[in-house]
Each structure stands twice: as C-alpha cells, then as structure tokens.
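What follows is one structure encoded as structure tokens, with my remarks underneath.
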Amino acid sequence: MRDLPVPDPGTPDLRSAPRFIGWLIARQRTGVMLGIVWGCSWMVAQALVPAAIGAAVDALAARRPGPFAADCLAVLALGAATAVAGILRHRRVVTCFLDAAYRIIQLVTAHAVTLGATLARLTSTGEVVSISTADVEAVGGAIDVTGRGSGAVAALIAVAIILLSRSVPLGLIVLVGAPVLTALVGVLLRPLHQRQRRYRDLQGKLASRAADIVAGLRVLRGIGGESAFSARYREQSQQLRHTGVSVARTESFLAGAEVLLPGLFVTAATWIAAHYALHRAITLGELVTFYAYTSFLALPLATLTEAADKIVRGHVGAGRIISVLRLTPDATDPTCGAAEPGPDATLHDPVSGVTVTAGELVGLAADDLAQAVRLADRIGRYSSPEPAAWPGAGRAAEPGPGPGPGPEPGPGPELGGVPLADLPVAVLRARILVATNDAHLFAGRLDEQLAGAGLVDLHAMPVAVSAAAAHDVLDAIPGGLAGHLAARGRTLSGGQAQRLRLARALLADPEILVLVEPTSAVDAHTEASIALGLREARLGRTTVVVTNSPLLLDRTDRVLFLQDGTVTAAGSHADLLRSSPQYASAVTRGAEP
Amino acid sequence: MMPVTAGRAEADQAAAAVPSATQILPVAAGTAVRAHARRAMATRWRELTVVVCLYAGATLAGLVPPRLLGTIVTMVQRGTTAGRVDLLAGFIAAALIVQSVLIRFGALAGGKLGEALLAIFREDFIDGVLGLPLSVVERAGSGDLVTRSSRDVNELSVTARKGVPAMLTAALTVSLTVGAIALDNPLLVVPCLIVVPPVWAVSRWYLRRAPAGYLRESASWGVLTDSLAETVEGARTVEALRLGPVRRARADADIAACYAAERYTLRLRTFFLPAAEASYILPLAGVLAFGGYAYFHGWCTLGQVTAAALYARALVTPMDELIGWLDHLQTGTAALARLLGLADVPADRRPGSARPEDEQLSASQVSHAYIAGHDVLKQISLDVLPGERIAIVGPSGAGKSTLGRLLAGIHAPDLGQVTVGGVPLTELPLEDLRGQIALVTQEHHLFAGTIRDNITLGVPDAGDQAVSSALAAVDALGWVQVLADGLDTAVGAGGRALSAPQAQQIALARLVLANPHTLILDEATSLIDPRSARRLERSLSAVLDGRTVVAIAHRLHTAHDADRVIVMEDGQITESGAHRQLIEAQGPYAALWSSWHGDSSIPVHGTVENTDAGGRVGG
C-alpha cells in the first residue's frame, strides 16, 4: 500500500474535466491498471461458474466421476479466485479512490490558502465544502469504478464466447435479451428517481427544520413556542411520511417488475433451451448453463450502468473542482516591484492624515468608528466589506460574488513613502498585521493555535496570554494551553474568544500591528488590565489601536481623533478629553448622537 | 459485496459531528432501546404480520422455478414430450407472476410500516428536544443535538426504510431456500450447513470491530471537511497571519489520520470479504460434489442435484444482503439509542401550585457550582426592587453570568433560594416563569418562518396590531413595512437574510410581546457592530422601559446609568450601591471609573460632563 498523503499533490491539468480526471489517473497509473486487471479476473471468475456447473451436470448425466470431480474442483477454484481477485481489486481501487480524494483536498486547501481573502468574496464556504464531500466522492467514484467496469466488459465477452460456442441462436437470445431487459428496467426507474428526489428534498427540509429548532432552542425554551414548533415539525414529518409511502408504492411496483421481467425472460429462454435439449441440440448441462447465465448477466449489466452513471457524475464533480481551482486572487503583486521600505518606516495615510511613526502606540478614535475600521482595511489592502444593509435599503444581504475592491478614495496608505499598493502581498503581510474581531479561531491544540504561523514559544506565550488578560480562558479550556480549542472558539464566550485573538496577534509580533476594537467584548476590569499589558507587549513596536474605549486610549502614546474620516485632533487622551468636546462625547458615549 | 464506499457515504453527514469529549445528553441503554422497538412494533403487530406473510409467500413462490427446472432436467434426461416441457414452463411463469404480485404488496406494506415507525421515532425525538430542561439546553451546547437530529435521524431512516425490509427478505429467502433444498433432498442440506460456523465466527469477528472502525472513519472525514471549511471560512485570517503552510500541514495531518482510519477498515474487509465470498461458493461446491456422489450411488435424481445446485447458487445474493446490512443494523440501533436517550434527561423543575404575590425578585444566600467543590457563587444575597435598574460589573470569571442564570430561573441554586413574589423560580411552571422574567443574551436566532412567526413565539394568538406595535417599540417597524411582504416576509434559513442588528431588533420585539416584568441582560449588546450600536441601544432602551432590569455590563456607562451597581469578584459581591456612592467610597470601582475617564475630577453625569468639559475648553 502506498503512503498517503503524498508530500506534493503536483500541478493539475485544469484545461477540462476529463483532462483533470486523466491527470489524477496518471498520478497512480500502476494502481489503476492493477485495479482493472484484478477487476477483470474477479468478474470473469464469477462468469465461469455457470459453465462449470453445466459441465458438472453433463459429467453426471454421462456418469463419469473423474471429469465430474474435476468440475467440482473447478467450481471451488473459481470461488477461491473470485474471493482473492475480489479483495485485491477492492484494496487497489480503494487506494486509488483515496489517492484521488486526498490529492483534490490538498489541491483545494493549497489554492484556498493562495486565494486568501479573495476566496470568501468569490465563492461560499458551502460550495468549497461540498467539494470535499460530494465532488471528491464523485471523482473518486469514477476512478473506483474503472476496475469493476472493465471487469463487467470482460465478463460479457466471456459469456458471449461461451454461449455462442454452444448454440448461436440461444446465445443470441440471451446476449440480446439481457441488455434489452436492463434498458427496460432503467426506463421504469425514471419515475422512481423523480419521487426519490422529491423525498430527498422533503427530507432535507425536515432536517433543516430540526436543525433550526436545535439552533434556536435556547430562544424557544426561554420565550416559548414549543407547541407551535412541534406541530409544524409533525406536519412536515407526516408530509414526508406520505411521500415516503408514495415512493414505496412506486418501488413496490418496480420490485415486482424486477422479478417478473427477468424471470419471464429466463423462463422463455429456458423453455426454448429445454426444447433444444429435448432434440439433443444442446446437452442437459448446457441447458443448466443457459438458465444460470440468463440471471447472471444482470450483474455485469448493472455494473456497466453504474459505471456510466459514475463517470457522468465524476465528470460533473471534476468540473466543479476545476472551477474553484481556476479562481485567481484579487490582490496581485505589482508588476514593477517598488523598493521595499527599510525598517522603522513611518506609516502614513494621505487621505485621513493619519501618521504613525515607528515604535509608537497610537490610539485611533473616531466620531464614527466605522470610518476608522475602513481605514484599517485600507492599510491591510483588503477589499472593503460591503456596508451593512441597514433598515430600508431594499436588498437582501445575500452572500455571493460582490464587486471587487472599489476605487480607493485618493492615494492609498504608504509605508516609508512607498505606497502599500506597490508592495508584494507577501511583504505587506510580513510587516503589517491588521487584527480584526471577525478573525477566525481555528480548531486545534490551544498553544499551537495561538502560535499561529510560528512555533510554540514557551517564553513568549505566557507573556502574550497575560498581556491579553486571557488566563481565565486557559481555565475554561480543559487542559489549558495543551487543551483543544474548538473551531470559531465556539465553546468560549465572545470576550474569551476576543482575548485569544489578541494573544495570537501579539504572538505574531509583526513590525506594525493594527488592532481593531480589541476589547469590545470584555468587561471594564479586564479591559483596564489589557490596556496595561498591551503597552508592555508592544514596547518598541508600532501599534495602532482602533477604539473608542477610554481605558485603552488612556494608555496610548498618542491619540488621533477622526471626524468624517480625517484627523481633526491629536494628543494624549487626557488632553483630548479636555480640548475636544466631540472627542469626549465619542469616547465616553455620554450623550446620544 | 460490501459497498466499496461504505462509511464514506456517511462522511458528509458526519461533517458537523466530531464526537465531543463532554457529552452531557444521555444515551438510552440497550434494553431500553429493544423495549421501545418492541413496543412500537407491538402497536402495529397486525401490519407486521401481513408484511412477513407477504414476503414469505413471495419467497416460497420464488423457490418454485429452480425446482421445476430440475424436474425438466430429469424429464428431458429420461425422455419426455414437448407438451410436458411447455406445461412446466407455464408453471414456472405462473410462479413468477405470483411471486411478483406478492413482492409488490409486501414491499408496499413494508414501506408503509417503516415510514410510520420512522415518523413516530423522529417526532418523539423532536418533542424530547423541545422539552429539554432549560439548564441542560444552556449547558449542553448544540453540537450533540445537531448530530442526533441530523445524522442519527438519517441513519435510522436508512435502517428503517431499506435495511429492515432488505434483511427481512434476505433472512426469509435464506431460511426458505435451505428449506427447499431439504424438501428437494434432505441429504443435500448438510453441505449448506457446514459453512454456518465459520461464517458466524468471521461475521462476529468483523461486526465486533466494524462499527467503531466505520465511526472513526466517518468522523475522520468529518474532521477533514471541517478543516477545509475552516481554511475557507477563515481565509482572510489565514492570509493576515500567514497561516498558509500551517493550514496545508493541518490538511496533510488530517488526511494522514483519515488514511489510517480507512486502512483499518480496509484491513477488516481484507479478512472479512474473502471469507464471506468463500462462504457463498462453498455450499455450491459442496452441494454439487455431495449431490454427484449421491447421484452416482442412486440416492437422488439428476434433477434433484440440479435444483439443489441452483438453490445453493441462489443463496449468494441474500447472504450478501444480510451480511451487508448487519453493520447498518448496528449503527441504526446506536442511532436509535441516542434518539431515545433524551427521554432519560431528568426534569429540573418541580412546578408547584404557588403563584407569586408580587414582582419582587430575591436571591438569598445563594451558592452554585457546575463542578462539585468549585463554587462559582458563594452565598450571595440580592434583593431586586420592582422597577429597579441594577448593573453587575466585575472581572471575567467572577460569576456574573451564573448569577444572571440563577436570577432568570434557568439553574436552581445548590444552596439558598431565588424567589419571585415569594415563590422559588424553579417551582414555577415554565409558562408562568416566562411571563415574569426573561434572560436576554447576545444570541439572536431567527427561525425559518415569517417575521410574524418569529415575534409571536411565546404569544401565538397575538394580532397584527400587537406585532406591529412591538416592532415600533424597538424602532424596527419602518424597515419591516418597506419589505414587499411586510410581516409575512420569510426570514431565517432559506428566507431573506437580515443583518445582525435587524435580527437583534426582531429578538427584542419578541421580548416586548412576551412582556416579562423583569429582564436579565447578559452582555446583550457586547458584540454589536459599532456602525449600528447606537441605534440598537435605542431599541434596547425602549424594551427596558418600565421593567425591572438586571444588566451584566461590560461598559461602565451602563453601570453609571443604573440605580445600583453591584461589583462582583470571585463569586461574591464586593461592592454595592449607587454609582455616586461607590465613587465617593473610593473603592476599586471608583479607581476603575477614574481610569475610564482619565480624570477623576470629572463629574459623574454625562450631560453635565460635556458642558463642563466644553466650558473648560472655552475658559
């Protein structure tokens, strides 16, 4: 067995879906070939059993014990061959399936990482996730079915040779009749598929109703409405039940037809064959063989139908996978590389007039904090998020492809005189970190998650944790730093998650750190402690804190106050409180706007 | 054969379902599951009997053709007429028709029965969910319930709709086929029975390991999917923190874990499948060899050997079905155990007949611990006067939220009492409690349904007038009226997407309509987008108007506006009094307040403060 995952998934051929599948197969040519070889052996071994039984009957009829014993041994040997080839084929194709599936997941992960912030704008999480489930399954299925599919073809050829060599007319009846029957059953299946689709739709709706109840259970148990929800669920559940019964009705006809049609065919063929046998045109053993084949053929034919279906699905799945792998990032690197600004560069935004010199801890307050948040986005060169559809703006806030980065209002922010837009993204991300509250907390060992891209540093970690006042979060997670952090920090309160994000940003220790509302969800006591810790942790590094919290602003070197998006006042928190009534009102929220 | 993709098909359903270490909800015991299944069957024993009879009849009819073919072989061997062959062929056709008709009615009756039972199980489960005690809902989290309501219901559905009928048919077919061989010639049963012990042993070996193996396999696919979803969802964070290599390494590690799980089940199948496959062919070879021996000795006819061989060959399909479904039956039973487990959650309220005399909310000498020995609250007493505004402040972990939950009647205190109008909260029926006190958190779930449905949750008979005025009270009537369908606009999953502040307004309108006299606010506005904070605060203050309010506060200005400030530390109340009193007392609260203002000389009232500061600038 091979070792998976492979260290490097390679560069896929994205020109078309078949080429992509072809590329996946080419990665494991030997495996797929062996799968086909074993698949053929497995199916042909099964196909020879009826012939062996027929031969045995003939040997019996002729009263020849020697050949009869040989025939019995042949049946046994064919059984052993079926078992051995079957499992070898199975092991081979499962490995091929997994190789393809894992490779696709590696490719999608790598590509998602490359796309970064662009990804969320171009496609939904659900769409990408359906790749890792449905589409991977479809493509893997198409590769998996190569073994059995080729086996089915081989078996059909073997059966054709055997039957035609015994009796051409009888052989033709079986070889033509069996596929016609399979096609006929396929036609009968169509209305069933429609009902099953309806059933699955209703089943999905009922499942989302249950999910809805579970997700809102606190609200329901707190405010009431259980009986209405129970009744609604019951109603939908009964609807599903009735659809289920109607599916069962169609299925029951089909189940009957699946016995009747092939059965009548077998009977007719056997009846004709019996007449042949009566006239000694075929032997008794051959009569038994014909009888056995009429039913055996259903297996390779069903396999072929399945293979066709899986190949079509695989094609569709591959199409969806390559459409994601073909996406390109927004923030492309500039073609003419600007000289990288040296260390201790000054951050400057011409539009707002914000200037932050190296090593400073600057507070950025605003009459409308949203403007300051947007400035932080500009510094990070992220496409601005859509302004929230606030009351009356008659459009649904549906996720989906939005516009790209809008035109920047005037010249963009600069670092050491070099426009940030002229820097390669990698350089930008290496020097500036914009830490926001929607930053994702990933599932995993807590210390590793806090360390982010770096290694777990036993010295820095406790310092950052205490600077972010996150001690109690360690207590809330069983095992503390070595414990498991749930995705999105969903077992934590908003305040706890926020402090972990802060600790992570501090541990990343970027040259310039822009913190957006780092304490919006923590209580005043904790906020006061963070204000102190932050100062110590960022000593000598450049830090911008976007906040209107007086506890934080009081501990900064300098506060810049934005009004209508531009700096109108600068100075210490205490000075500004005295000199600017607008500032005082903004940071103490003493008065309504 | 075993489905090649066994386990993988469940992987997508398992996406959300990595088993958590802290399972709070119980799982029903095996005996309880069997008893429940028996009871459910007992109520429908008539239908069940009909199904079994129809399937048995169909199987019997299906045994006729091989037997008749054997007769044809014997007759042809001994010489017969074309007419008799035609007659036998006609009998075969007739048997087929009978078989198909019985199968058709059997499948329909089985389908009806399965659907009916399934509907009962899932409806009982949802009723169980809706009846879960408040304290359990607060603590259990939704992950486990999500798994139960999605994966377990699906698993049970597959088992009930497909598995049980398939196994029933297969079991009947196997036993009746062996019976038919016995009728054909009792001697020929022996080679069929030889394989029973080894098949039983191998199946037992496999089935002991398979469920855990497949569960681990599907969970590992779930982890893989979750990780990828996280990489995509947190793509901006990945970019900002340069986590690319970390995420790729993570994917590789998840794949390695998944591969290990896959290899384990593959190893199980490597032993099991060939053994099962051999067990299908052994009876055939045995029947043939033994039958031939008997034929040579004149103990049976050629036709009997032929019929027995064909029967033995016909055993392959049902045996395969039977073994293939066995592990599904196990997972189905496990799913049923989890669904039925909800019934074992003990009730946490003991509703009595006493009704509150007034609106006075009191906690006296209250202690509470989630883990025995770790008291989160230590003998706290607090009287909330009707109409009073209380702000609770204090560092994280001080027990503020726990006190809030106790005051809202969600948890019962371990020691002491929380009463409203003299009646302990947990002795009030839930409906009465809701009319008295409500807990408001930052959570704002919108249910799939209309805006009206979402507001009238607790008051189903509320008219449009009441709904509209509730919306108007929270300042949301404007944007709701602008919507094309107004109150009938579908929201929530599958409906129109509302912004977070809009959803929060709907949640507040619910409260206005439910009209409790006391509200416990737990960080109700802590995660509001700064762009909409002020607007929402206005909505909230409209809701608070005229009610008793206990607010667990993050922002000191909330404390400043309150009638009384309670400072909590380490499960105890350390300071209590009006804002002004606490400032004058010069305790920790005063220190915090002064740091918040940057200048302790600034007077405490916001409006005055502005004029004052402005005046100073002017001066």
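Readers should treat all values here as calculations from the given coordinates under stated rules, not as data from a laboratory. Everything numeric in this text was worked out from a predicted model, so none of it was measured. When we count neighbours, we look across all protein chains shown, and the Cβ atoms used for this are built from the backbone with ideal geometry, even at glycine.
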Which value in nm describes the separation of the simple spin-label points at A:ALA77 and A:LEU172, placed 7 Å from the Cα toward the beta carbon?
3.4 nm
Selected from B:MET568, B:GLY70, B:ALA260, residue furthest toward positive end of dipole (chain B; charges at beta carbon):
B:GLY70
Output the peptides B:46-52, B:545-551 sorted from most to least packed, where packing is the average of other Cβ atoms within 10 Å over each peptide's residues.
B:545-551, B:46-52
Testing the spin-label approximation: label points 7 Å from Cα along Cα→Cβ at A:ALA339 and B:ALA29. State their distance in nm.
8.1 nm
Give me the one-decimal Kirkwood hydrodynamic radius in Å for the protein assembly as shown, with the sum taken over alpha-carbon pairs.
34.6 Å
What average number of partner chain Cβ atoms lie no more than 10 Å from the Cβ of the residues making up A:43-56?
2
Using +1 at the Cβ of each Lys and Arg and -1 at the Cβ of each Asp and Glu in region A:17-325, identify which of A:LEU48, A:LEU254, A:PHE68 lies farthest towards the dipole's positive end.
A:LEU254
Given charges of +1 on the Cβ of Lys and Arg and -1 on the Cβ of Asp and Glu, with all other atoms neutral, how large is the dipole of the protein assembly as shown about its Cα centre, in debye to the nearest 20?
5600 debye
How large is the Kirkwood hydrodynamic radius of region A:17-325, in angstrom, based on all distinct alpha carbon pairs?
23.4 Å
Cβ-based charge dipole, chain A, positive-most Cα from A:VAL514, A:ALA537, A:TYR102
A:TYR102
When ranked by the protection proxy of mean other Cβ atoms within 10 Å per residue, highest first, what sequence do the peptides B:170-177, B:273-280 form?
B:273-280, B:170-177
Taking a straight Cα-to-Cα line shorter than 28 Å from A:LYS310, and setting aside same-chain lysines fewer than 8 residues away, one finds A:LYS205, B:LYS162
Ranked by how many other beta carbons lie within 10 Å on average, peptides B:386-397, A:6-17 from highest
B:386-397, A:6-17
Taking the Cβ-Cβ separation of B:HIS445 and A:ALA281 as r and a Förster radius of 60 Å, what is the calculated FRET efficiency to the nearest 0.05?
0.20
Find out how many positive minus negative residues lie around A:ARG488, taking Lys and Arg as positive, Asp and Glu as negative, among other residues whose Cβ is under 10 Å from that of A:ARG488.
-1
Chain A: C-alpha gyration tensor shape, a/c 1.5 cut-off, then a/b vs b/c
prolate
Indicate the gyration tensor shape class of chain B (rounded, prolate or oblate), computed on the Cα atoms with a ≥ b ≥ c the square roots of the eigenvalues: a/c under 1.5 is rounded; otherwise a/b larger than b/c is prolate and the rest oblate.
prolate
Per-residue mean of other chain beta-carbon atoms within 10 angstrom of the beta-carbon, peptide B:247-256?
6
Using helices alone, what [θ] at 222 nm do you get for chain B, with -39,500 (n - 2.57) per DSSP H run of 4 or more residues, divided over all residues and rounded to the nearest 500?
-20000 deg cm²/dmol
In the P(r) worked out for region A:500-593, what percent of Cα pairs fall beyond 24 Å?
21 percent
Charges at C-beta only: +1 for Lys and Arg, -1 for Asp and Glu. How large is the resulting dipole of chain B about its Cα centre, in Debye rounded to 20?
2900 debye
In nm, to one decimal, how far is the modelled label at B:ALA94 from the one at A:GLU306, with both set 7 Å along Cα→Cβ?
3.7 nm
Filtered hits (lysines, Cα-Cα < 16 Å from B:LYS400, offset >= 8 within chain) -> B:LYS378
Under a point-charge model restricted to the Cβ atoms of Lys and Arg (+1) and Asp and Glu (-1), what is the dipole moment magnitude of region A:17-325 relative to its Cα centre, in debye to the nearest 20?
600 debye
Please report the net charge: other residues with Cβ closer than 14 Å to the Cβ of A:ARG320, K and R +1, D and E -1.
-1
Shielding by partners - mean other protein chain Cβ count within 10 Å, residues of B:433-444
2
Which FRET efficiency, nearest 0.05, do B:ASN515 and B:HIS557 yield, Cβ-Cβ r, R0 25 Å?
0.40
Between B:GLU431 and B:HIS374, take the C-beta separation as r, use R0 = 30 Å, and let me know the FRET efficiency to the nearest 0.05.
0.35
